[in-house]
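The values are calculated or read from the model by the stated rules, or taken from the named source; none is laboratory data. Keep in mind the model is a prediction, meaning the values are calculated, not measured. All Cβ positions, even for glycine, are placed from backbone atoms using ideal geometry, and neighbour counts span all protein chains on display. Each accessible area value is taken on the protein alone, full model and side chains, heavy atoms only, with ligands, DNA and RNA left out. Shrake-Rupley method; radii C 1.70, N 1.55, O 1.52, S 1.80 Å.
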Amino acid sequence: MSFLDLKNVTKIYPNGTKAVHETSLSVDEGEFMVFVGPSGCGKSTLLRMVAGLEDITEGDINLDGKLINEIDPSERDVAMVFQNYALYPHMNVYNNLAYGLKNRGIDKETIEQKVNDAAKLLQISDYLQRKPSMLSGGQRQRVAMGRAIVRNPKIFLFDEPLSNLDAKLRIQMRLEIKKLQQKVGVTSIFVTHDQVEAMTLADRLAVINNGIIEQLGTPIEIYDNPKSLFVAGFIGSPQMNFLDGNIKNKTLSAEGFEIKDIDSDFEGEVKLGIRPEHLSQRENSLINLKVDLVEQLGSDNLVYGRLKDKKDFCYRCPGNLTIEKGADLSLNIENNKYYIFDKSTGKRVN
Amino acid sequence: MKIKPLQIIAHIILILGVLLMVVPIWISFASSSHDSVTILTEGMKFHIGDQLARNYNEVLNEKGGWSEEVTAAKMFINSFIMALGIATLKVVISAMSAYALVYYRFKLAVPIFWLIFITLLVPLEVRIFPSYKIVSDLGLTNSYTGLILPLVASATATFFFRQFYKTIPDELLESAKLDGANAWSFFIDFLVPLSKTMIAAMFIFMFVYGYSQYLWPLIMTTAEEYWTVVMGMKIIYTESYEGVALPRTAERFAYIILSMIPPVLVVVFLQKWFIKGLIQTEK
């Protein structure tokens, strides 16, 4: 049994909404697990069930070998960082950090020691006497983390903690969270709808959709080998291109081109997925793209255009290539990196 | 800085308003420092006279009432105790019932809230006989408990606290739960400090409400040692006509001035909190 074990966990709200369907998942000790998915997919509900803030309708959650279904949140020894930080507005930073310890009946000197250590680690020692309203977004974020760290919990739970920060700070805090987690080594679950955040932070990643874990694996596994249409479309930026197609006798005919000898016995309607970064320009290739718009990011160019049948398509090329609007490009799929999904079920077939 | 005509007009209006409030009080105060005879013959005074200490001493310490047992000082103490008790209990009970209504999501929360709210339609004056019956059956006539208890439930304050608690984000409760706070400590450590502005405001309102009660103490008390200020006001106005002596006008003014002091003190004392709370608009 691993450190955190979810077995067939289901959540049905009183109004009948099924938020989480029989989800099973294991998280190892010290692992950084990320739940990623679109809003309303049940990822936060799952996290809140681990925290004890939501009742579990069915299934079991074990933490460190102990069934915690019925255990009160305060007894579970979990710490959570909320989206809006939920700092205690009337307490200064010191008391924000110390409050949980005080409730555990720890003596004053130990509390002071622990708070000071956590403050040093997060570089908030200078603000200990301030109220949360006098702190910037990044500082508040640190205090929220400090409040979690100081209790030395079995598991950290992060509920979209970076979504209230501006873009630059978000990247910085993302890095800090990762560093901190590696330094402290506490098992963590991080919930986000941002796939970049998910990819960068995770040791392992659970892509959740409609209350079901669609795929579980390391970020690279999931990027390289998406098992379903949803995962393929959700992970990767810019999004994977999808084209309608048909397979017959191992030949895939998509919009205006054919791929022969594909590695699949599937026959019928499919979706062909090609990542914008898995394309390169070569004469007389499969795909012909008429360029509408070029986004120059410096390191890369994102080329948006249309195929013959007006289908939108994106191609990512190195930033040193100059591509004019209105140009016709001939694109090749590198190393045959394409993905085929059954159109009806969304399952990967190649 | 250039002063605009509109500002001048605004200031004039404000100054007039202040005068309207302050002048009567000043006249009362100035008149309370003269001889009653002077006031009866010359009218009310704008300047301080030489009878200040004598008048106030007399008002505070002279025994009055039918049995000549109660002094004004005692009445002030009674009213203060009554108002303090009413205000404190009203705030405590309202805050706690609002806490229950907002945070314990039991099925009857909404009907119960409306039931509490409806009591606004039946103030004490309407239910004074049943209330009296209950209090007298409990043997609480002529006691502070009897004076205070029937007045401590407050729909208004419950409503205000409820509205305030509803604005507190759920995450705060959840975060506190994870930090090991139980129902009681969440109330004491979070809701009370967060609503201290509210508490101060409610306390002021309820204190003045309790202090100015007339009918209830009048019915409730037969023993003079439980008489209150507002009842005394009536007595000091009527007593002089019972005898042949002149109306004691100066002492009346002194009594009025004294009766204003406790509520003013409460407002002045709590104002600091009030403003402090207004400046730190955080939640």
If residue B:138 satisfies every condition in (1) open to solvent by 80 Å² or more (accessible area, probe 1.4 Å); (2) over 30 Å from residue B:265 (Cα atoms); (3) at pLDDT below 90 but one, which is the exception? (3)
Only one of B:104, B:99 is surrounded by fewer than 14 Cβ atoms within 10 Å (Cβ to Cβ) and closer than 24 Å to residue B:183 by Cβ; which? B:104
Among (1) polar (S, T, N, Q); (2) in contact with a helix residue (DSSP H, G or I) (Cβ under 8 Å, 6 or more places away or on another chain); (3) at pLDDT 90 or above, which single condition is residue A:218 missing? (2)
Out of (1) surrounded by 21 or more Cβ atoms within 10 Å (Cβ to Cβ); (2) at the interface with chain A (Cβ under 8 Å from one of its Cβ atoms), the odd one out for residue B:148 is which? (2)
Sort out which residues of region A:291-331 are part of a strand (DSSP E or B) and open to solvent by less than 30 Å² (accessible area, probe 1.4 Å), and write them in order of number. A:291, A:301, A:302, A:303, A:305, A:313, A:314, A:315, A:317, A:329, A:330, A:331
Go through region A:208-231 residue by residue and tally those that are open to solvent by less than 10 Å² (accessible area, probe 1.4 Å) and under 12 Å from residue A:38 (Cα atoms). 3
Those residues of region A:121-143 which are within 13 Å of chain B (Cβ to nearest Cβ), more than 31 Å from the chain's Cα centre (by Cα) and open to solvent by less than 60 Å² (accessible area, probe 1.4 Å) amount to A:131
Could you grab me the full set of residues in region A:67-120 that are hydroxyl-bearing (Ser, Thr, Tyr), at the interface with chain B (Cβ under 8 Å from one of its Cβ atoms) and part of a helix (DSSP H, G or I)? A:74, A:99
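Starting from residues that are within 14 Å of chain B (Cβ to nearest Cβ) and in contact with a helix residue (DSSP H, G or I) (Cβ under 9 Å, 6 or more places away or on another chain), keep the ones in region A:44-64 and report whichever is surrounded by the fewest Cβ atoms within 10 Å (Cβ to Cβ). Steps first, please.
Our first condition is that a residue be within 14 Å of chain B (Cβ to nearest Cβ); within region A:44-64, this holds for A:44-45, A:47-55, A:63.
Checking which are in contact with a helix residue (DSSP H, G or I) (Cβ under 9 Å, 6 or more places away or on another chain) leaves us with A:48, A:51-55, A:63.
Numbers: A:48: 20, A:51: 21, A:52: 23, A:53: 22, A:54: 19, A:55: 13, A:63: 20.
Checking each candidate, the answer is A:55.
Let's see how each residue does on (1) among the basic types (Lys, Arg); (2) within 30 Å of residue A:203 (Cα to Cα); (3) out of contact with any strand residue (DSSP E or B) (no Cβ under 8 Å at 6 or more places or on another chain):
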| position | (1), (2), (3) |
| --- | --- |
| A:217 | no, yes, no |
| A:221 | no, yes, yes |
| A:224 | no, yes, yes |
| A:239 | no, yes, no |
| A:248 | yes, no, yes |
